[in-house]
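J.: Handing you this structure, nothing more for now.
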Amino acid sequence: MKKIMYSKFGGPEVLQIAEVPIPAVQETSLLIKVKAVSINPLDWKIRNGEMKLMSGSKFPRGIGIDFSGIVEETGTAATKYTKGDEVFGIMDVFKGEALSEYITVKEKDITVKPQSISFEQAATMAVVGSAALQIFKTLVDLKKGTEVLINGASGGIGMFATQIAKMGGAIVTTVVGDSGIQAGKDWGADFVINYRNEDVLKGNKQYDVVIDLSGKMPFSKAKQIMKHSSAYIHTAPGPKEIISSFFINLISGKKYKLLMLKPSPEYLAELADYAESGIAIVVSKVYPFNSFKKAYAEVPNGKFIGKAAITMDGLV
Ligand SMILES: NC(=O)c1ccc[n+]([C@@H]2O[C@H](COP(=O)([O-])OP(=O)(O)OC[C@H]3O[C@@H](n4cnc5c(N)ncnc54)[C@H](OP(=O)(O)O)[C@@H]3O)[C@@H](O)[C@H]2O)c1
């Protein structure tokens, strides 16, 4: 079978198609024929070597964290699914290798794909949807009227976070670029700010929650627009942020919180329910498998709304 692999850290050019055996199913695992794979910033941060501390430096390695597909075979002790079931799910965040014709997973890593969404949509939900859920379930106390600012809201986490915060009763302000304004409105934001012609830090409004998804608004800046007892969420923490947040939280009422994604079957089930109930899942670009290098070259700079994915359809 075909699988995308790389043997050194670097740009999209290090990615290659490898011919490898179909992985063997163990007693408690399932073999999935992959239909589509999501493209995430974590993919290129790991591939570039920016996250060595967490990802390790073992090669060769695969790429791709969340996926959709069809159950092909089940281990003798994996009884929850049967051959032919359509599913979506998530692999180990730092060791994902979903961009492959077949993968093996555990039952806890997948859930049933809602019929109402495409394989491409289903593939893109697990990482960004779980991240949004984790923020609102474990880092932030969302109540009716909570003022939430989402900086960098036109991408994957922003799409889910905007809609989930609105459903939780929050008043949501999103900061997006030119191409994200309509999406911000469509996803229900109460206020949409275009970062290209307005600086949210210069506004008069104070927020209960500031979520930075852009990597461009550190706590030191965000605190200007945070209420006294409020929370800032940093979504790409490294050692520096872990140390700073520890000391800041000892002395400040403005809390500095870090997102460290811990996928769970409950998040997957909740995302499937959201999809059934019609939450917007925008996949603005789908690449064929053979265009994998182009995909990983374009998406980091692409100004895509929502998500981008790679489809395995057409692969012979
Ligand atoms: N810690 C964890 O466990 C975890 C888990 C998942 C993801 N993450 C991280 O979370 C972050 C967000 O993920 P994502 O999937 O939502 O990424 P994404 O889809 O790339 O979205 C990022 C958004 O930031 C916007 N942006 C860029 N420059 C901006 C600026 N100056 N002001 C405001 N917005 C700006 C981009 O808009 P334009 O297109 O207009 O540039 C884009 O919509 C990434 O860093 C990712 O690695 C962390």
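J.: Please verify whether the stretch 236-253 includes one or more residues that are aromatic (Phe, Trp, Tyr), surrounded by 15 or more Cβ atoms within 10 Å (Cβ to Cβ) and at negative phi.
T.: There is no residue in the stretch 236-253 that is aromatic (Phe, Trp, Tyr), surrounded by 15 or more Cβ atoms within 10 Å (Cβ to Cβ) and at negative phi.
J.: Kindly establish whether Leu133 is at pLDDT 95 or above, surrounded by fewer than 24 Cβ atoms within 10 Å (Cβ to Cβ) and assigned by TED's automatic domain parsing to the domain that holds Thr173.
T.: So Leu133 passes the test.
J.: On to the next question. Scan the stretch 2-44 for residues that are outside any strand (DSSP E or B) and either assigned by TED's automatic domain parsing to the domain that holds Ser154 or of a type outside the set (A, V, I, L, M) (or both) and report the count.
T.: So the count comes out to 16.
J.: Can you tell me which residue within the stretch 264-311, out of those that are basic (Lys, Arg) and at pLDDT 95 or above, is nearest to the ligand (Cβ to nearest atom)?
T.: Lys307
J.: Select, from Ser179, Ser214, Ser220, the only residue that is farther than 20 Å from Val299 by Cβ, outside the structural domain of Gly306 (by TED's automatic domain parsing) and among the polar types (S, T, N, Q).
T.: Every option except Ser220 fails the conditions.
J.: Can you tell me which residue within the stretch 224-257, out of those that are in a helix (DSSP H, G or I) and under 22 Å from Val176 (Cβ atoms), is farthest from the ligand (Cβ to nearest atom)?
T.: Looking at the filtered set, the residue picked out is Gln224.
J.: Suppose we keep only residues that are of a type in the set (Gly, Ala, Ser) and under 24 Å from the mean Cα position of the chain (by Cα) within the stretch 1-28. Which one would you say is nearest to Lys294 (Cα to Cα)?
T.: Per the criteria, the residue is Gly11.
J.: Moving on. Could you grab me the full set of residues in the stretch 151-173 that are near the ligand (Cβ under 9 Å from one of its atoms) and either in a strand (DSSP E or B) or surrounded by fewer than 17 Cβ atoms within 10 Å (Cβ to Cβ) (or both)?
T.: Asn151
J.: Given (1) part of a helix (DSSP H, G or I); (2) loosely packed, with under 14 Cβ neighbours inside 10 Å; (3) within 15 Å of the ligand (Cβ to nearest atom), where does Ser179 come up short, assuming only one miss?
T.: All conditions pass for Ser179, except number (2).
J.: Within the stretch 258-287, which residues are within 18 Å of Trp187 (Cβ to Cβ), in contact (Cβ under 8 Å) with a residue 12 or more places away in the chain and not in a strand (DSSP E or B)?
T.: Answer for the stretch 258-287, where residues must be within 18 Å of Trp187 (Cβ to Cβ), in contact (Cβ under 8 Å) with a residue 12 or more places away in the chain and not in a strand (DSSP E or B): Glu270, Leu271, Tyr274, Ala275, Glu276, Gly278, Ile279, Ala280, Ile281, Val282.
J.: Inside the stretch 94-113, can you point out the residues that are over 22 Å from Lys2 (Cβ atoms) and surrounded by fewer than 22 Cβ atoms within 10 Å (Cβ to Cβ)?
T.: Phe94, Lys106, Glu107, Lys108, Val112
J.: The conditions are (1) away from the ligand (no atom under 15 Å from the Cβ); (2) under 23 Å from Ala165 (Cα atoms), and Gly314 fails exactly one of them. Which is it?
T.: (2)
J.: Using the structure shown, decide if Leu201 is within 14 Å of the ligand (Cβ to nearest atom) and under 30 Å from Glu107 (Cα atoms).
T.: No; evaluated as a whole, the condition is false for this residue.
J.: Could you tell me whether the stretch 282-303 includes any residue that is of a type outside the set (Gly, Ala, Ser), outside the structural domain of Asn48 (by TED's automatic domain parsing) and more than 17 Å from the chain's Cα centre (by Cα)?
T.: No, the stretch 282-303 has no match at all.
The values are calculated or read from the model by the stated rules, or taken from the named source; none is laboratory data. Just so it is clear, the structure is predicted and the values come from calculations on it, not from any experiment. Glycine also receives a Cβ, built like all others from the backbone with ideal geometry; neighbour counts cover every protein chain displayed.
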